[in-house]
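Single-structure report; data block below.
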Amino acid sequence: EQLTATKAGRTQLRSRGSYLVLRQLHAWEKDPEVLSACHKLIQVLIGDEPEAGMENLLEVAVPEELERRLRDADRRERERRDTEPEASR
């Protein structure tokens, strides 16, 4: 998370082939929490760079309502994983 917070960190991860490693990890990993973290990190690495002035994601002000919706989405995802039958994982 910290490495992807800044443009320099994201650039460094991309230049080192981290996406390819994460893609392979995602292909064989079974732990739902690890898969979720991989997916989120991959999205950051393949996504467009934020606009000027927002390069450091730790300094971006997130509106309270959006932050609440993101927390709720994470909570729902965890609950779905917790109730999902083991065989379908």
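The values are calculated or read from the model by the stated rules, or taken from the named source; none is laboratory data. Keep in mind the model is a prediction, meaning the values are calculated, not measured. Please note: Cβ atoms are built from the backbone with ideal geometry, for glycine as well, and neighbour counts cover all protein chains shown. To get the accessible areas, we keep the full protein, side chains included, count just its heavy atoms, and leave off ligands, DNA and RNA. Shrake-Rupley method; radii C 1.70, N 1.55, O 1.52, S 1.80 Å.
Mind checking which of ASP74, ASP31, ASP48 has the largest fluctuation in a GNM of the chain, springs on alpha carbons under 10 Å?
Highest fluctuation among the options: ASP48.
From the list [x] 74, 23, 22; [y] 45, 35, 18; [z] 47, 32, 22, can you say which value of Cα extents along the principal axes in Å was derived from the structure given?
Checked against the structure: label [y].
Between the helical axis of 32-46 and the dominant principal axis of the chain, each derived from Cα atoms, what acute angle in degrees is found, rounded to the nearest 10?
Between helix and principal axis, roughly 30 degrees.
Compute the long axis of helix 18-28 from its Cα atoms, compare it with the longest principal axis of the Cα atoms of the chain, and write down the angle in degrees, 0 to 90, nearest 10.
Approximately 10 degrees, to the nearest 10.
Suppose only helical runs count, i.e. DSSP H with n ≥ 4. What mean residue ellipticity at 222 nm does that imply for the chain under -39500 (n - 2.57) per run, divided by all residues and rounded to the nearest 500 deg cm²/dmol?
One gets -20000 deg cm²/dmol as the mean residue ellipticity at 222 nm.
Quick check for me: using +1 on Lys/Arg Cβ and -1 on Asp/Glu Cβ, what's the dipole size of the stretch 7-83 about its Cα centre, in debye to the nearest 20?
The calculated dipole for the stretch 7-83 is roughly 360 debye.
Using Cα-Cα distances under 8 Å and only pairs 6 or more residues apart, what relative contact order does the chain have, in percent?
Across the chain, relative contact order equals 34 percent.
How do THR11, THR4 stack up against each other in accessible area, from largest to smallest, with a 1.4 angstrom probe? Could you put the intermediate results ahead of the total?
Numbers: THR11 70, THR4 15 Å².
Ranked list, largest accessible area first: THR11, THR4.
Which angle from 0 to 90°, rounded to the nearest 10, does the C-alpha axis of helix 64-83 make with the longest principal axis of the chain?
It is inclined by approximately 30 degrees.
Give me the 1.4 Å probe accessible area per residue for the stretch 1-67, excluding ligands and nucleic acids, in Å².
That works out to 74 Å² per residue.
With a 1.4 Å probe and all protein chains left in place, how much of the accessible area of the stretch 7-83 comes from carbon and sulfur atoms, in whole percent? Walk me through the intermediate numbers first.
On the way: 3250 of 5940 Å².
Using a 1.4 Å probe with all protein chains present, the stretch 7-83 comes out at 55 percent carbon and sulfur.
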